[in-house]
Amino acid sequence: MPSESRVRDAGGPASGPHAALRTGVVWDVLRQALLRRAAAAGRSTLDVLDTGGGSGSFAVPVAALGHRVTVVDPSPDALFALERRAAEQGVAVGAPPGVSRGRVRGVQGDTHDLHDVVESGAFDLVLCHGVLEYVDDPAAGLRAVAGALRPDGGTLSVLTAGVGGAVLSRALAGRFSEASRALGDPAGRWGEADPVPHRFTVDGLRELIGAAGLRPGEVHGVRIFADLVPGALVDTEPDALRALTRLEAEAAALPAFQAIAGRLHVLAERLATPSGER
C-alpha cells in the first residue's frame, strides 16, 4: 500500500490534464454513486472512507462535494501531503466553514488494523482503490474493508489491477514469455520482478466481492488504451487527448474491452440487514 499512494495520485481526479484520461471514468461513476447513496440515506452529507487514500486525489474532491471523508494510509508522508492538499482546497479539519464543503481527516493504518483505527459499520461509501493488488490476502483485505460499511446499506468502490492489461502490455513490449506467464498465473504476475503481487479478471473480482458478503454491480474498464498510446501524442495534441478520453469512456462498460483493461472498477452494495437479523 505505501507505494500505491504515489501511483494513485498520478492519475486522480485532481491531478492535471490527464486526469480524465486515466481515471475520469471512475470519477464519473463515483459522483453518481454518491448521489444515489445520499438519496437512499436521506442525507446530503455522507461519511466516506478512503482506504489507502494517499494524498487525497479522490478524498479531497469528494469532500469538496460536501461529504465527511476519512483517509486511512500507512504512509506518514502521504498523510502530510493529504493535509496540505485539503487545506489548499478548504476542506481540512478545522478550516473555516464553506458553502457545500465537507471535511477530510487522515489516519495512519492499513487493512490489517483498519477496525482499530476507524469505527466498524460507520460509513456510507468506502473507496478501496489500488489496495487489493498489494495486500497479502486480498480476500481478507476486502472483508475488512466491507466491514466498514453501514449494516443498513452502503456502497463499496473497488479499483484494482487487471490481468488482461498486463498481458497485453507485456506482449506489445515484445515480452511474449512474460505475457504468457501472466496469462496463466493465478495472481496474474508476469515474473519474479513484477512489482504487483495480484491482478484480477472481472469474474475473479466479482467472485471476491461476493465472498465478502456484497453484491457486485457496475463494472468498468479503466486505462484500456491510455497506457498503450504514446504519451507524446496526447501531450502535444489536445484534440487527440479529448478523443482518447471519449474512447475510454465509450469502451469502459463493454466486456470485451474490460478484459484488456489495465485496471478494473467495480461498484458493490452492502444490502440492508433486516432488523430482526442484526
>> Among the residues in region 82-90, are any of a type outside the set (S, T, N, Q), under 26 Å from Pro151 (Cα atoms) and part of a loop (DSSP other than H, G, I, E, B)?
In response: no
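Criterion first (among the aliphatic types (A, V, I, L, M) and either in a helix (DSSP H, G or I) or without any contact (Cβ under 8 Å) to a residue 24 or more places away in the chain (or both)) does Leu241 satisfy it?
Yes.
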> So which residues in region 13-52 are at pLDDT below 90 and out of contact with any His (no Cβ under 9 Å at 6 or more places or on another chain), if there are any at all?
Replying inline: Pro13, Ala14, Ser15, Gly16, Pro17, His18, Ala19, Ala20, Leu21, Arg22, Gly24
> If only one of Val69, Val26, Val60 is open to solvent by less than 20 Å² (accessible area, probe 1.4 Å), part of a helix (DSSP H, G or I) and in contact with a helix residue (DSSP H, G or I) (Cβ under 9 Å, 6 or more places away or on another chain), which one is it?
Replying inline: Val60
>> Any residue that is among the basic types (Lys, Arg), closer than 20 Å to Ser57 by Cβ, open to solvent by 20 Å² or more (accessible area, probe 1.4 Å) and assigned to a loop (DSSP other than H, G, I, E, B) - is there at least one of those in region 149-157?
In response: no
> Which of the residues that make up region 178-237 are in a loop (DSSP other than H, G, I, E, B), at pLDDT below 95, of a type in the set (Asp, Glu) and surrounded by 13 or more Cβ atoms within 10 Å (Cβ to Cβ)?
Replying inline: Asp227
> Could you give every pair whose Cβ atoms fall below 7 Å, whose first residue belongs to region 143-156 and is of a type in the set (Lys, Arg), and whose second residue is at pLDDT 95 or above and open to solvent by less than 10 Å² (accessible area, probe 1.4 Å), counting only separations of at least 6 or pairs across chains?
Replying inline: Arg150/Asp124
> What is the one condition in (1) in a helix (DSSP H, G or I); (2) surrounded by fewer than 17 Cβ atoms within 10 Å (Cβ to Cβ); (3) without any contact (Cβ under 8 Å) to a residue 60 or more places away in the chain that Ala249 does not satisfy?
Replying inline: (3)
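The values are calculated or read from the model by the stated rules, or taken from the named source; none is laboratory data. None of these values were measured; they are calculated from a predicted model. In this analysis, Cβ positions are derived from the backbone assuming ideal geometry, glycine residues included, and neighbour counts consider all displayed protein chains. The accessibility values were calculated without ligands, DNA or RNA, using every heavy atom of the protein model including side chains. Shrake-Rupley method; radii C 1.70, N 1.55, O 1.52, S 1.80 Å.
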